[in-house]
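K.L.:
Here it is, the structure, as structure tokens.
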Amino acid sequence: MHWDMDAALRETKQPITVFAIRDLVAREAFDRYADHLDIVLVDLGSHHFPVEAPEVTARLLAGVLG
């Protein structure tokens with residue numbers, strides 16, 4: 001599968017919030033996408049959310065948004 005993030009963002013009209021793991025996000029991501037995305041840094045420790053338990057993921061995100 002080919003994914004062209006820049007093309008996808010050009011077509012998106014609504015605001016996009018990205019939850020990025022603080023220890024994993026690169027400075028280049030901010031430099032490249034900060035004008036298209038609202039990047040919220042979180043300290044969850046991993047790029048994995050418990051997809052088998054959406055309630056847990058919802059609580060994690062709600063805690064970040066506080």
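The values are calculated or read from the model by the stated rules, or taken from the named source; none is laboratory data. Every value quoted in this text rests on a predicted model; they were computed, and no experiment measured them. Here the Cβ positions follow ideal geometry from the backbone for every residue, glycine too, while neighbour counts run over all protein chains shown. The area values use the complete protein model at the heavy-atom level, side chains included, leaving out ligands, DNA and RNA. Shrake-Rupley method; radii C 1.70, N 1.55, O 1.52, S 1.80 Å.
K.L.:
Residue by residue through segment 22-44, note down the ones that are in contact (Cβ under 8 Å) with a residue 24 or more places away in the chain and loosely packed, with under 14 Cβ neighbours inside 10 Å.
P.N.:
Val40
K.L.:
Scan segment 1-21 residue by residue and report those that are at pLDDT 85 or above and open to solvent by 60 Å² or more (accessible area, probe 1.4 Å).
P.N.:
Asp4, Glu11, Thr17
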